[in-house]
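Report on one structure; see the data block that follows.
The values are calculated or read from the model by the stated rules, or taken from the named source; none is laboratory data. As the structure is a computational prediction, the values presented were derived from the model and not from experiment. Counting neighbours? That spans all protein chains shown, and the Cβs are built from the backbone with ideal geometry, glycine included. Areas reflect the complete protein model, heavy atoms only, side chains present, ligands, DNA and RNA absent. Shrake-Rupley method; radii C 1.70, N 1.55, O 1.52, S 1.80 Å.
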Amino acid sequence: MDKIKGLPFGNIFSVSDGPLGNSTGIPYFYVTPMDKSVTDLMSFPLASLTFSEAEGDFCRKNMYDPEDPRCARLTLTGKMVKVGAEEVEFAKAAMFSRHPVMKKWPAGHKWFFMKLELIQENKLNHGSAVSFISYFLVRPVS
């Protein structure tokens, strides 16, 4: 890892923006310091998180490539921070309600919660961007 210290690299993380029925728009993560990308984030906390509509059926049904502008994507950029004591119960409910298997992960891995403090949001949908404020105005579809 020393050769790429401080350089961006990607990893897969499960994410939740709140417990079922209480989405907040703030991405939460359940992570372990045993993961090199987590130790990197503790030293170099700026990160981007991208979601693609390709994960659902819309793009597949319309035969859109994931890179096609008609296949919407959302990139959230910000600073990864450890969740404070006052927010741990909410983060736990957020992650475990959407990823219940996490409750059974080995305690010896020293899991903890992080969140992405948003700096910028970029939504590309049919080639047009959406403002940062509008991201928080969206209500989940039931």
Can you tally the net charge around PHE96? Count Lys and Arg as +1, Asp and Glu as -1, for every other residue whose Cβ sits under 13 Å from the Cβ of PHE96.
+3
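What does the accessible area per residue of the chain come to in Å², with a 1.4 Å probe and no ligands, DNA or RNA counted? All intermediate terms of the calculation are to be shown ahead of the outcome.
Details: 9330 Å² over 142 residues.
Per residue, the chain has an accessible area of 66 Å².
Quick check on the chain: helices-only [θ] at 222 nm, where DSSP H runs of length 4 and up contribute -39,500 (n - 2.57) each and the sum goes over total residues. Nearest 500, please. It would help to have the intermediate numbers written out before the result.
On the way: 4 runs with 29 residues, N = 142.
Value at 222 nm, helices only, nearest 500: -5000 deg cm²/dmol.
Explain nothing, just the number: dipole magnitude of region 14-100 about its Cα centre with +1 on each Lys and Arg Cβ and -1 on each Asp and Glu Cβ, in debye rounded to the nearest 20. If you can, show how the numbers build up before the last one.
Details: 9 positive and 12 negative charges, 9 e Å.
For region 14-100, the charge dipole is close to 40 debye.
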Grab every C-alpha pair in region 1-74, bin the distances at 5 angstrom width from 0 up to the longest one, and report whole percents.
3, 12, 18, 17, 17, 15, 11, 5, 1
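Which sequence of MET63, MET80, MET42 reflects their accessible areas, 1.4 Å probe, from the largest down?
Numbers: MET63 170, MET80 20, MET42 105 Å².
From most exposed to least exposed: MET63, MET42, MET80.
Which of the pairs LYS5/LYS104; LYS3/LYS103; LYS3/LYS92; LYS5/LYS82; LYS36/LYS79 have their Cα atoms more than 27 Å apart in this structure?
Check vs 27 Å cut-off fails for LYS5/LYS104; LYS3/LYS103; LYS3/LYS92.
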Along the Cα-to-C-beta direction of VAL101, a point sits 7 Å from the Cα; which residues of region 17-58 have their amide N less than 17 Å from that point?
30-32
Expressed as a whole-number percentage, the relative contact order of region 1-126 with C-alpha contacts under 8 angstrom and at least six residues apart is 34 percent
Taking the Cα centre of region 1-137 as the origin and placing charges on Cβ (Lys, Arg +1; Asp, Glu -1), which of THR39, ALA93, TRP105 is farthest toward the positive end of the dipole?
TRP105
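Go ahead and run the numbers for FRET between LYS82 and GLU55, Cβ-Cβ distance against an R0 of 35 Å, rounding to 0.05.
On the way: r = 27 Å, r/R0 = 0.78.
About 0.80, to the nearest 0.05.
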Measure off, as a whole percent, the carbon and sulfur share of the 1.4 Å-probe accessible area of the chain, all protein chains present.
58 percent
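Thinking of the chain as a set of Cα atoms, what percent of all their pairs are more than 21 Å apart?
Details: 5032 of 10011 pairs.
So the portion of pairs separated by more than 21 Å is 50 percent.
May I ask you to order 56-62, 68-74, 21-27 by the average number of other C-beta atoms within 10 Å around their residues, highest value first? Mind showing how you got there, number by number?
Details: 56-62: 12.0, 68-74: 17.1, 21-27: 15.0.
Ranked from most to least packed, the peptides come out as 68-74, 21-27, 56-62.
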